[in-house]
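Read-outs: derived from the displayed coordinates by stated rules, not from any lab. None of these values were measured; they are calculated from a predicted model. FYI the Cβ positions are ideal-geometry reconstructions off the backbone, even for glycines, and counts take in every protein chain you see.
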Amino acid sequence: MAKKTGFKLPKWLVNTLQVTLMVTVLMALYNFLGPMVFKNGSYFPWWTFPYSVFGALFLIGGWNFLSHRLNIMHNQIVAEDKAKKEREEQIRQAGAAKEQVEAEKRRQRNANRNRGQQQSR
C-alpha cells in the first residue's frame, strides 16, 4: 500500500497564521480586559475586530511572503557566486597545470640544446 504524504503548508504561511493568532488574542484581551482595568481608556469598537484581524493577516502574510521570496533569491545568488568561483578556480588550476607542463617541455628543450652546444665545443 502506498504511503500517503500529508499536505504541508509553506513555512511563511504557518508563521503568518501563528503571529496573526497571537496578535488577535492580544487585541481581544486588550479590548475585553482593558475597560475593566482602566475605565476611561480608549478602546476600539468590537465591530472593527474582524477587519483588524484580516488587516493583520494581510500585512503579516505579505511581509512573510516577500521575506521568504527575497531569502530564496539571496540563496540562489550566493549559490551562483560560489559555483562561479569554483569554476574560475578549476580553470585557474587547469591553466597552472598546463603552464607547468609547458615549462617542463621548455626546460627539456633548453637542456637538450645546451647539451648539444656543450658537446660541440
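Most tightly packed first, judged by the mean number of other beta-carbon atoms within 10 Å of their residues, the peptides 36-42, 50-56 read 50-56, 36-42. The value of relative contact order for region 12-120, using C-alpha pairs under 8 Å at least six residues apart, is 32 percent.
For the chain, a Gaussian network of Cα nodes joined below 10 Å ranks I60, I77, I91 by mean-square fluctuation, and the top entry is I91. Ordering I60, N114, P10 by Cα displacement along the dipole of the chain toward the positive end leaves N114 in first place; charges were set at the Cβ atoms of Lys, Arg (+1) and Asp, Glu (-1). The label-point distance for F54 and A111, in a model that sets each label 7 Å from Cα toward Cβ, rounds to 8.6 nm.
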